[in-house]
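The values are calculated or read from the model by the stated rules, or taken from the named source; none is laboratory data. Since we're looking at a predicted model, the values are computed, not measured. Here the Cβ is made from the backbone with ideal geometry for all residues, glycine too, and neighbour counts use every protein chain on show. These area figures cover heavy atoms from the full protein model, side chains too; ligands, DNA and RNA do not enter into them. Shrake-Rupley method; radii C 1.70, N 1.55, O 1.52, S 1.80 Å.
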Amino acid sequence: MKTIDNDIKAGEFKKVYLLYGEERYLIRQYRDKLIKAMVKENDTMNFSSFEGDGISQKEIIDLAETLPFFADRRVILIEDAGIFKKTGDELGEYLQTAPDTTHFIFVEESVDKRSRIYKAAAKCGNPVEFKTQTDETLARWVGTRIRKEGKGMSRAAYDLFISKTGTDMENIDKELEKLICYCLDKEVIEIADVEAITTEQIQNKIFDMVDAIASHNQIKALDLYYDLLALKEPAMRIMYLISRQFNIMLTVKAMMNQGFGNKDIAKKAGCPEWAVRKYQSQCRAYSMEQIKQAVRDGVEYEEAVKTGRMNDQMAVELFIVQYSAAGTAEK
């Protein structure tokens, strides 16, 4: 990200920018920064954008060959086209010979670094991966936003806020705006304010459900499940999210047994460091083999639903009943 900031500051731009990764909020921020710096306002003659997997690479190449009209550069934005996986060879071959006056900005969620177009983008420009931000970075970002509004926030209130919003910066931004407006006449944001206004994510409800399953609280787990169904959450998505939780538990349990610290576990499991402690608590309710079996059962229940052998809502109920009854303190 610093390299992009430096390019903007110097006014010297690379031929290709590739912005990709999980943190869509930051990707959009840097996409807009680049466009603002590289294209004059309302210059529709020299700026073109393409989106989706139906783009024509030949059309883009033809456009790229056109010299800019009364401007220093032509900028082409291509978003979520999926061409950094298997289909971008034609454009990848072209990038290295494109005119110096044509600049590309690619935005993708994921890329294949072995692809021809990724290698060309790396050679001609600057691929930047936007990963989920660390706990420390998010805390600094939220703290800066709150201080700009002339307010403070207790650590307990912040922890509750992040536990509700998750680590997606776009969601944090939206919920923080609501919270600041709600506390307009207050100097310090407190736990009660967070409880009153911050919307809890579906993933949090899934986490609570798995927590209830691991605590052998079958009634609570089923109640949370029925609440999610009432919110129109599809049963198979709930099954997928439960299975995902058990997959993370598998990683956490294995690394705990090998003596890894929470920071290393969080990085490998792809979750915030504060969440590791909660996963560790859940893990203690099951042996490694039981967690592995839960992951396998999740796949089997999903297959049973897809083949028509089982009703989707019943499949999730059976999983909840089965694993809220199981449990052991073994390794």
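Residue under question is LYS164, and the condition is that it be modelled with pLDDT of 90 or more, over 26 Å from ILE35 (Cβ atoms), open to solvent by less than 40 Å² (accessible area, probe 1.4 Å) and among the basic types (Lys, Arg); does it hold? Here the answer is no, as LYS164 does not meet what is asked.
Please tell me if LEU26 is in a helix (DSSP H, G or I) and buried (at least 16 other Cβ atoms within 10 Å of the Cβ). Yes: the conditions hold for LEU26. Among the residues of the stretch 39-82, those that are under 22 Å from MET1 (Cβ atoms) and in contact with a Gly (Cβ under 9 Å, 6 or more places away or on another chain) comprise GLU79, ASP80.
Take the conditions under 33 Å from the mean Cα position of the chain (by Cα) and at pLDDT 95 or above and apply them to ILE35. Does it pass? Judged against the criteria, ILE35 is a match.
Scanning the stretch 43-90 for residues that are of a type in the set (Val, Ile, Thr), open to solvent by less than 80 Å² (accessible area, probe 1.4 Å) and in a loop (DSSP other than H, G, I, E, B) returns ILE55, THR66. As for the stretch 175-190, it holds at least one residue that is in a helix (DSSP H, G or I), at pLDDT 90 or above and among the basic types (Lys, Arg). Among the residues of the stretch 277-298, is any open to solvent by 70 Å² or more (accessible area, probe 1.4 Å), at pLDDT below 95, under 17 Å from the mean Cα position of the chain (by Cα) and not aromatic (Phe, Trp, Tyr)? Checked against the condition, which is being open to solvent by 70 Å² or more (accessible area, probe 1.4 Å), at pLDDT below 95, under 17 Å from the mean Cα position of the chain (by Cα) and not aromatic (Phe, Trp, Tyr), the stretch 277-298 yields no hits at all. The single condition from (1) of a type in the set (A, V, I, L, M, F, W, C); (2) closer than 16 Å to VAL107 by Cβ; (3) open to solvent by 30 Å² or more (accessible area, probe 1.4 Å); (4) free of Cβ contacts under 8 Å to residues at least 60 places away in the same chain that ILE35 fails is (4). Considering each of GLU109, GLU195 in turn, give the residue that is open to solvent by 70 Å² or more (accessible area, probe 1.4 Å) and closer than 27 Å to LEU250 by Cα. GLU109 is the lone residue from the list that is open to solvent by 70 Å² or more (accessible area, probe 1.4 Å) and closer than 27 Å to LEU250 by Cα.
Counting only residues that are in contact (Cβ under 8 Å) with a residue 40 or more places away in the chain and either of a type in the set (S, T, N, Q) or surrounded by fewer than 19 Cβ atoms within 10 Å (Cβ to Cβ) (or both), how many does the stretch 210-232 have? So that I can check it myself, show each step before the final result.
Looking only at the stretch 210-232, we keep the residues that are in contact (Cβ under 8 Å) with a residue 40 or more places away in the chain, and these are 210-218, 221-222, 225, 229.
Within this subset, residues satisfying the condition of being either of a type in the set (S, T, N, Q) or surrounded by fewer than 19 Cβ atoms within 10 Å (Cβ to Cβ) (or both) are 215-218, 222, 229.
Counting residues in the stretch 210-232 that are in contact (Cβ under 8 Å) with a residue 40 or more places away in the chain and either of a type in the set (S, T, N, Q) or surrounded by fewer than 19 Cβ atoms within 10 Å (Cβ to Cβ) (or both) gives 6.
Of the set (1) more than 31 Å from the chain's Cα centre (by Cα); (2) open to solvent by less than 80 Å² (accessible area, probe 1.4 Å), all apply to LYS40 but (2). I need the full set of residues from the stretch 6-23 which are free of Cβ contacts under 8 Å to residues at least 24 places away in the same chain and in a helix (DSSP H, G or I), in order please. Scanning the stretch 6-23 gives ASN6, LYS9, ALA10.
Would you check which residues across the stretch 139-171 are touching a residue at least 40 places away in the same chain (Cβ under 8 Å) and under 24 Å from VAL276 (Cα atoms) and list them? If the condition is that a residue be touching a residue at least 40 places away in the same chain (Cβ under 8 Å) and under 24 Å from VAL276 (Cα atoms), then ASP159, ILE162, SER163, LYS164, THR167, ASP168, MET169, GLU170 are the ones that fit.
Residue-by-condition table, conditions (1) within 15 Å of the chain's Cα centre (by Cα); (2) closer than 30 Å to ASP89 by Cα; (3) assigned to a helix (DSSP H, G or I):
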residue	(1), (2), (3)
LYS119	no, yes, yes
ASN126	no, yes, no
THR132	yes, yes, no
GLU136	no, no, yes
ARG140	no, no, yes
ARG147	no, no, yes
GLY150	no, no, no
ILE162	yes, no, yes
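Answer yes or no: is there a residue in the stretch 299-312 that is under 17 Å from PHE246 (Cα atoms), out of contact with any Phe, Trp or Tyr (no Cβ under 9 Å at 6 or more places or on another chain) and in a helix (DSSP H, G or I). Checked against the condition, which is being under 17 Å from PHE246 (Cα atoms), out of contact with any Phe, Trp or Tyr (no Cβ under 9 Å at 6 or more places or on another chain) and in a helix (DSSP H, G or I), the stretch 299-312 yields at least one hit.
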